[in-house]
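I have placed the structure first, in the form of C-alpha cells, so that the comments after it can refer back to it.
The values are calculated or read from the model by the stated rules, or taken from the named source; none is laboratory data. None of the values given here were measured: they were computed from a predicted structure. Please note: Cβ atoms are built from the backbone with ideal geometry, for glycine as well, and neighbour counts cover all protein chains shown. When the accessible area is computed, the model is the full protein with side chains, heavy atoms only, and any ligands, DNA or RNA have been set aside. Shrake-Rupley method; radii C 1.70, N 1.55, O 1.52, S 1.80 Å.
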Amino acid sequence: MLSVAAIPGSLVPQRSADPNGVVQFERSNPEAFAILDALQVFDTYTSVWFSAIYLLLFISLIGCIIPRARHHWRALRSRPPGTPGRLSRMVGFTERVAPRSTVETELESAHALLRRQRYRVERYGDSLSAERGYWRETGNLVFHAALVGVLATVGFAGGFGYNGQRVIVEGQAFTNQLTSFDSFSPGRFFDESSLDPYSIRLEEFVPEYQPDPTTGFPQALDFTAYVTVVEDGETDSRQIKVNEPIDIDGATAYLLGNGFAPWITVYAPDGSPVFSQPVPFLPQDSNLTSLGIVKVPDGLDQQLGMRGFFYPSAVQLESGALSSVYPEPDRPVLTFNAYVGDLGLNEGVPRNVYALNTDGLTQITGGDTDAPPIVLGLGQTAELPDELGSVEFTSLPRFASIEVHHDPTQVGVLVSTILVVLGLLVSLFVPRRRLWVVATADGDAVRLQYAGLARGEDPQLERAVAEFAHAHGGESGVARRDRRGGGAGRS
C-alpha cells in the first residue's frame, strides 16, 4: 500500500521539490489542479492518507517484532527438545552398528562432534538432542527491526531536513539564510539556527548543445555551473553538473535548471533609471523560449508591469509571430506587453514574481491596444506610451536554478538498509535444523540411530544427517554398516 501510495509523488510535481513545476501545472491544467490539490497529491509524502499508511506499517512491524523477539529469546534459553520415540519417521533416518564399543563412548564422541558443528546439545538418557540455526530467526528479526529503523529514521530524522530553491544569476551570490531562498520547504522539526553560514556565487553557466543528426533539433549534452563557495572563511572554486552535486557543510547543492536573465533597465522620462536588474525568464520549450515578468512599483507616474517573452534565436514565422529555433543566443529578442495601474505590491500580501495579475490594470502596449508590443534586440531601447518613460534590453546574463537539500537521514537509512540486506540473507540461507542420535546396547556392540528435522525448508537436511553419521563413524574409528529407512518421512 505504501508503494502504491507513493506513485502519485512521481507522476506530478511536488511542492517540496519543484514548486515552479506546481505553478506551471496549475496554469496548464487548472481544473485538474483543483481536484488533485484537494486530494493533497502535490504534497504526497506529507499528506494525511500517505502518513496514515506509513504509521500503520510502522505499528504493524512493531507488533510483529515484539512477540517474536520474546519467543526467540525464550527459545535461545531453552533446552533442545527431547528425542522422539520413533526416529524412523524423521528425515534422513540412518541406522548403524558399532562393534566392540559402548553407549557412553559413542555418545561422548557424537556430543563432541555436534559441538564442533555448532549445535546446542542436550543428553536425554541414551540419546542426544541437538539443535542449531537460531541465526535464521535472529536474521528475520534483524530484517524487520531494520525496516522499522528505516521508517523511524525517515519519519523522525527527516523532520530536521529541508529543501530550498534559489535562482542565481551570473555574477550574483546566494547566502545560506532563510530569507535568501526563493522557496523553502522545512521539515517538522527544522530550526532556522541550524542553517550553516556559507555562500555560493555563480561565476559562469556553460551549456553544451549539438544538433540531432536525424531531426536537426538541438540536443543538450552537458550543463556546468562554475561557482565560488565561501565556507568557514575559505574560498573554493567548484563545478555543479546535473548529476554531480556538491556538498557544503552537510547540505547538498543540486543543479535543477537554467535559463536566461535579461538585464532590463527602465528609465523615467528625465532619463534616470528607476529599475535596473536581471530578470529570470522561465523556459517554456527546449529552444528556451522563455516567459518573464517585470514589475516597476516606483519612479514612474504610474506603477508599471510588463509580461515578456524572450527568444534566444528569434525568427519570424509566416503569421508574423516570433519563435526561437535554437537555445543559444544567436539573435536574442525581447517582446513586452505593458500594463499600468496598481500592482498590489503594497498590500502586505506575498506576490509571485513569475506571475502578473492583470485584473485592475490597463494594458498600454500589445493586445487590443493601438500600440504594438515592445520589441527589443540586445542593447536596444524603446519608448513607453504616453511619455511614461523607456525600457532597455541592457545585457544578457544566464541564471542557474540551485536546490540546497539537507537530509540528516542518509547515515541512518544506509545503516538500516545494510542490516535489512544482511538480515534477509541470514534468514534465507541459514537452516534451522534438529538432529538426534540414539545409542542402544546390543551385546558387545552399539546400535546407533540418526535422524533430523527441519524448521522450515531445508533440502540439504537428509544429506547433512548422512554426512554427520559418516563423520561420527570415522571419528570413533570403528567399522559400521548402514541401513537406511524412512528418509523421505516428514513430521
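General observations
- Computed helical MRE - 222 nm, the chain, DSSP H runs ≥ 4 contributing -39500 (n - 2.57), nearest 500: -8500 deg cm²/dmol
- Unit charges at the beta carbon, dipole of the chain: most positive-side option, F160, V340, A464: A464
- Computed over the alpha-carbon pairs of segment 332-418, the distance histogram in 10 Å steps reads 12, 28, 27, 12, 9, 10, 3, 0 percent, short to long.
- For segment 276-372: Kirkwood Rh in Å [reciprocal of mean 1/r, alpha carbons]: 14.6
- Rounded to whole numbers, the Karplus 3J(HN,Hα) couplings from phi for segment 355-368 are 9, 10, 7, 8, 5, x, 9, 10, 7, 10, 9, x, x, 8 Hz, using 6.51 cos²θ - 1.76 cosθ + 1.60 with θ = phi - 60°, and x at Gly and Pro.
- Net lengthening on full extension, A441/E328 (0.36 nm per residue, minus Cα-Cα): 31.1 nm
- Spin-label zone in segment 397-439 - amide nitrogen under 15 Å from a point set 7 Å from the Cα of R238 along the C-beta vector: 402-407
- The protection proxy used here, the mean number of other Cβ atoms lying within 10 Å of each residue, ranks peptides 206-214, 238-246, 432-440 as follows, highest first: 432-440, 238-246, 206-214.
- Placing R0 at 30 angstrom, the Cβ-Cβ distance between A38 and T179 gives a FRET efficiency of 0.45 after rounding to 0.05.
- Rel. contact order, % - alpha carbon contacts under 8 angstrom, at least six apart, the chain: 22
- Pair-distance distribution P(r) for the chain, from all Cα-Cα distances in 20 Å bins starting at 0: 17, 33, 20, 16, 11, 3, 0 percent.
- The residues of the chain expose, per residue, 53 Å² of accessible area to a 1.4 Å probe.
- With Rh defined as the Kirkwood radius, the inverse of the mean 1/r over Cα pairs, the Rg/Rh of segment 10-156 is 1.37.
- Backbone N within segment 143-163 under 14 Å of label point (7 Å from V411 Cα along the Cβ vector): 157-158
- Percent accessible area from carbon and sulfur atoms, segment 331-482, protein chains only, probe 1.4 Å: 53
- Among 8-20, 187-199, the peptide with the highest mean count of other Cβ atoms within 10 Å heads the list, and the full ranking is 8-20, 187-199.
- Modelled FRET efficiency - R0 60 Å, E104 with I66, Cβ distances, 0.05 increments: 0.85
- Compactness check for segment 45-97: Cα Rg over 2.2 N^0.38 Å is 2.22.
- Percent of Cα-Cα distances greater than 19 Å, calculated over segment 59-145: 55
- Of the complete DSSP H runs in the chain, those spanning 15 angstrom or more by Cα along the long axis with a mean Kyte-Doolittle score not below 0.0 are 48-77, 134-156, 410-429.
- Order by protection proxy (mean Cβ within 10 Å, highest first), peptides 60-71, 307-318: 307-318, 60-71
- Placed amide H near Y209: partners under 5 Å, 5+ positions off or other chain: L221
- Among the protein heavy atoms of segment 1-111, carbon and sulfur supply 64% of the accessible surface, probe 1.4 Å, non-protein parts ignored.
- Cα centroid separation - segment 106-127 against segment 1-52, whole Å: 63
- Size of electric dipole in segment 173-220: Cβ of Lys, Arg +1 and of Asp, Glu -1, about Cα centre, debye, nearest 20: 120
- Note on H470 and S10: the extension gain reaches 159.7 nm, defined as 0.36 nm multiplied by sequence separation minus the Cα-Cα distance.
- Were the residues from I418 through L345 laid out at 0.36 nm apart, the gain over their Cα-Cα distance would be 21.0 nm.
- Across the accessible surface of segment 209-282, with the other protein chains kept in place and a 1.4 Å probe, carbon and sulfur atoms take up 49 percent.
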